[in-house]
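Some notes on the structure that comes next.
The values are calculated or read from the model by the stated rules, or taken from the named source; none is laboratory data. Owing to the predicted nature of the structure, the values given are computational and were not obtained by experimental measurement. Every residue, glycine among them, receives a Cβ derived from its backbone with ideal geometry; neighbour counts consider all protein chains shown. The protein model used for the area step is the full one, side chains on, heavy atoms only, and it has no ligands, DNA or RNA in it. Shrake-Rupley method; radii C 1.70, N 1.55, O 1.52, S 1.80 Å.
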Amino acid sequence: MRKFLLTTAAILAAPIAALAAEKPAELKVGVTTFLTGPASVFGVPARDAAEIIVGKLNAEGGIGGVPVALSFIDEGAGAEALTTEFRRQVEGGAHAMMGAISSGNCQTLAPLAEDLKVLNLMWDCGTQQIFEKNDYKYVFRTQANATPEMLATVLYLLKVKPDFKTIAVVNQDYAWGRDSWQIFSAALKALKPDVEVVGEFFPKFGAADFSTEISRLQAMQPDVILSTSWGGDLDTFIQQAAQRGLMNTSTFVIPLAESSLERLGSTLPAGHIVGARGDHYFLHPDRRDDADFKEFMAAFEEKTGAHAIYPVFHMSQALAALKAAYEKAIAAKGGEWPEEDEVIAAFEGLTFQGLGREVTIREDNQGIEAQLLGMSVQSGEYPFATLENIMIFDGAALTTPVGQESVEWVSKLTPEYAASVKVDSYEK
């Protein structure tokens, strides 16, 4: 009888015990990033940054006393291999995933993460459509999207070159190139309706020769040339445009060029508008004198031989968000290790800070991130262009309100809107 009672008590106690999450030996985190292919110029620095950040984090005790174990998935292997490996890692016990760089991959992985009921932090992809078209529980974006990035670019252009009359665009012919131009042009039409678009060029992705586009632009002589291209395509376009003298007759607006500055070296002349996809710059005017910022930048340069670029900052924000959410959930549970749903709940209104300014997660799971732009200058301090006349725009005022669609919202802005956005200005 006594044996029966003990057995019954054990059975009754089992469900109660299951409610308390067991503290794992390590926190397994899967990270998707481009390790091969053209986008590896973003993906490899981000991986290197993750290793530095997590190495320091673990040396300081990890998250809640648990070390973080990173596992990387190569987005360059293709969509099928990516989703297979993503699923394998989740089914193998990953506590959280971080994906992705590609907007197309984010649109694939977001519903997959939701189906698998795993926390997924979209740490770099730019498409604004994720939360405008879907409602997710397990998916969060720890940075901005294309709308505040393009809107900040328009505002900066209007501040530094208010009298321009004509503009042309040269963008890669795929979703990002088309979508970013749609947002930019809608904002420009709303805020400065008298501007004339004199040319729209969409060369194929990976193009090696821009001579046709450059010749036509030289004939048009637009005041401004926009290109939201990135990586090797942007580098090649800038190099060929500079060689042909196009950058002496038109002001280039290149919102993703912060990541190309070091590769372009002396090619990019002074006087062109450079964006950073957030407030991401290795000489960040708010952060550059902070001890932790300087320590990271030194470690990154020692590890890679290069300066940090925006995906490095995005990676730092995602890891900071993961740490902040776990610590918030642990504190709410009185120091006990949290259940997954308790970690998910901790993301509501979460504020965290990576290498840039603080980021806050909004009610629709979208991160609110400041936006930094500046003007290129060849100062001689570095063997590549740096930024002067820097402005950092408040992210909240740039981000499409919850429940609205970006292009529609941007299209309804008025010229008075530009003066209402908070901006901090710096000479360097």
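Overview of values
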| quantity | calculated |
| --- | --- |
| Selection from region 235-288 of residues that are in contact with an Asp or Glu (Cβ under 8 Å, 6 or more places away or on another chain) and basic (Lys, Arg) | 263, 277 |
| Residue match in region 173-190 (condition: out of contact with any Lys or Arg (no Cβ under 6 Å at 6 or more places or on another chain), buried (at least 16 other Cβ atoms within 10 Å of the Cβ), under 24 Å from residue 377 (Cα atoms) and not charged (D, E, K, R)) | no |
| Residue selected from region 281-306 under the condition free of Cβ contacts under 8 Å to residues at least 60 places away in the same chain and closer than 21 Å to residue 263 by Cα, by the criterion most open to solvent (accessible area, probe 1.4 Å) | 302 |
| Test for residue 419: is it surrounded by 14 or more Cβ atoms within 10 Å (Cβ to Cβ) and either of a type in the set (A, V, I, L, M, F, W, C) or farther than 21 Å from residue 367 by Cβ (or both) | no |
| Selection within region 53-83 - closer than 22 Å to residue 141 by Cα and among the polar types (S, T, N, Q) | 71, 83 |
| Wholly within region 309-412, strands (runs of 3 or more DSSP E) carrying at least 1 residues that are more than 19 Å from the chain's Cα centre (by Cα) | 371-377, 386-393 |
| Yes/no for residue 426 being touching a residue at least 40 places away in the same chain (Cβ under 8 Å), farther than 21 Å from residue 64 by Cβ and aromatic (Phe, Trp, Tyr) | yes |
| Options 293, 352, 313; residue that is over 24 Å from residue 72 (Cα atoms) and among the aromatic types (Phe, Trp, Tyr) | 293 |
| Test: residue in region 153-164 that is within 30 Å of residue 347 (Cβ to Cβ), open to solvent by 20 Å² or more (accessible area, probe 1.4 Å) and in contact (Cβ under 8 Å) with a residue 60 or more places away in the chain | no |
| Residue list for region 343-357, restricted to those being touching a residue at least 40 places away in the same chain (Cβ under 8 Å) and open to solvent by 20 Å² or more (accessible area, probe 1.4 Å) | 357 |
| Pair list, Cβ < 7 Å and 6+ apart or interchain, from region 44-69 residues that are surrounded by fewer than 17 Cβ atoms within 10 Å (Cβ to Cβ) to residues that are assigned to a helix (DSSP H, G or I) | 67/58 |
| Exclusive hit being open to solvent by 20 Å² or more (accessible area, probe 1.4 Å), over 26 Å from residue 127 (Cα atoms) and in contact with a helix residue (DSSP H, G or I) (Cβ under 9 Å, 6 or more places away or on another chain), set 338, 383 | 383 |
| Hits in region 358-374 (condition: without any contact (Cβ under 8 Å) to a residue 60 or more places away in the chain and not acidic (Asp, Glu)) | 360, 362 |
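Quick grid of which residues meet (1) in contact with a helix residue (DSSP H, G or I) (Cβ under 7 Å, 6 or more places away or on another chain); (2) under 24 Å from residue 239 (Cβ atoms); (3) open to solvent by less than 60 Å² (accessible area, probe 1.4 Å):
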| residue | (1), (2), (3) |
| --- | --- |
| 363 | no, no, no |
| 374 | no, yes, yes |
| 378 | no, yes, no |
| 387 | no, yes, yes |
| 398 | yes, no, yes |
| 401 | yes, no, yes |
| 406 | yes, no, yes |
| 410 | yes, no, yes |
